[in-house]
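The values are calculated or read from the model by the stated rules, or taken from the named source; none is laboratory data. These numbers were taken from a predicted model, which means no experiment stands behind them. Here the Cβ positions follow ideal geometry from the backbone for every residue, glycine too, while neighbour counts run over all protein chains shown. Ligands, DNA and RNA are excluded from the accessible area calculation, which covers all protein heavy atoms including side chains. Shrake-Rupley method; radii C 1.70, N 1.55, O 1.52, S 1.80 Å.
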Amino acid sequence: MNDGLPSEERRNLLTSFGALAIGAGSAALVGANEPIGTARADTPNYGGGPAVPSICVFDVNETLLDIEFLAPLFQRVFGDRRALREWFAQLILYSGAITLSGPYTTFFSLGQGVLKMLGTIHRVSVQQSDVDELRTRMLTMPAHPDVLPGLKQLKEANFRLVTLTNSPPDPQTSPLKHAGIDGWFERSFSIDRVRRFKPAPQVYHMVVEELDVPPSAICMIAAHVWDTIGAQSVGCSAALIARPGNAPLPVPGLPQPQAVAPDLPGVATQLIKLWR
């Protein structure tokens with residue numbers, strides 16, 4: 001091999017790569033055989049701070065707010081309310097695609113574009129009034145019925161509560177305020193600040209830096225495994241609300257949530273048992 005490097009420098013470089021590979025492989029094996037959804041207190045302490053999480057960071061769309069509120073639009077336009085799930089899956093797919101490739105547009109703008117794209121795919125006419133209705137509905141989704149009881153449990157157990165959403169801040173309408181739950185959270189963060197969508201690590205690092213805590217102080221609570229994996233990959237803990245259409249991802253080597261339940265009170269009960 002003629003790479004222009006002296007032999008000794010090449011050996012040192014290869015040794016470094018080997019050490020990295022071994023370390024990564026060892027990390028992937030840790031916890032690979034643990035039961036999915038098992039409550040685990042052994043939170044990684046990557047940040048060098050307290051190992052017990054004291055801050056619950058909530059995803060918003062579908063985790064706290066019910067995206068089924070959008071279904072009547074998809075029933076009317078596509079003749080099938082299940083098109084909502086196709087739209088949402090494509091929205092997440094393309095939010096990841098633009099994060100990986102470099103450009104940026106807001107979650108709402110992307111959602112409107114994906115609606116038009118689905119119209120083309122299914123040969124359905126999507127009118128501007130449909131696009132406007134989608135935006136209005138995305139800003140006015142109600143909270144799931146289980147959210148308030150779960151937030152109350154966590155607050156009474158002295159967890160700090162904040163939110164972290166892919167949605168951009170809106171100067172006129174706050175979805176959390178419209179849903180009547182904004183008062184439960186001390187802060188609300190949007191990925192719009194770093195112009196990267198979850199699960200990009202920059203998003204979770206932003207929250208850690210803004211709150212001035214190590215990652216180990218945070219438990220990400222979400223209805224999506226891609227969000228829990230993202231948070232755990234930077235050293236946070238995570239809990240999964242397995243709402244309809246969502247479930248743990250049983251793949252060896254991937255981090256599993258410390259708690260899994262079908263609703264927020266179930267997750268809250270597990271987290272309180274673990275860390276309070």
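Can you say whether Ile221 is of a type outside the set (Ser, Thr, Tyr), open to solvent by 10 Å² or more (accessible area, probe 1.4 Å) and either out of contact with any helix residue (DSSP H, G or I) (no Cβ under 6 Å at 6 or more places or on another chain) or assigned to a helix (DSSP H, G or I) (or both), as far as the supplied structure shows? Steps first, please.
Details: of a type outside the set (Ser, Thr, Tyr): yes; open to solvent by 10 Å² or more (accessible area, probe 1.4 Å): no; either out of contact with any helix residue (DSSP H, G or I) (no Cβ under 6 Å at 6 or more places or on another chain) or assigned to a helix (DSSP H, G or I) (or both): yes.
Answer is no for this residue.
Going by what's in this entry, would Arg196 be described as in contact with a Ser or Thr (Cβ under 6 Å, 6 or more places away or on another chain), open to solvent by 20 Å² or more (accessible area, probe 1.4 Å) and touching a residue at least 40 places away in the same chain (Cβ under 8 Å)?
On the way: in contact with a Ser or Thr (Cβ under 6 Å, 6 or more places away or on another chain): yes; open to solvent by 20 Å² or more (accessible area, probe 1.4 Å): yes; touching a residue at least 40 places away in the same chain (Cβ under 8 Å): yes.
Answer is yes for this residue.
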*open to solvent by 60 Å² or more (accessible area, probe 1.4 Å), more than 23 Å from the chain's Cα centre (by Cα), at pLDDT below 95 and not hydrophobic (A, V, I, L, M, F, W, C) - does that describe any residue in the stretch 23-39?*
yes
*asked:* Looking only at residues that are of a type outside the set (Val, Ile, Thr) and outside any helix (DSSP H, G or I) in the stretch 73-114, which one is farthest from Arg193 (Cα to Cα)?
replied: Gly79
*Which pairs do you get when a residue that is under 18 Å from Val57 (Cβ atoms) and open to solvent by less than 60 Å² (accessible area, probe 1.4 Å), found in the stretch 239-258, comes within reach of a residue that is charged (D, E, K, R) and not in a loop (DSSP other than H, G, I, E, B), reach meaning Cβ atoms under 9 angstrom, with the pair 6+ apart or on two chains?*
Leu240/Asp227
*For the stretch 184-232, enumerate the residues that are of a type in the set (S, T, N, Q) and more than 8 Å from the chain's Cα centre (by Cα).*
Ser188, Ser190, Gln202, Ser216, Gln232
_Just to be sure I understand, how many residues within the stretch 117-134 are buried (at least 17 other Cβ atoms within 10 Å of the Cβ) and either part of a loop (DSSP other than H, G, I, E, B) or charged (D, E, K, R) (or both)?_
3
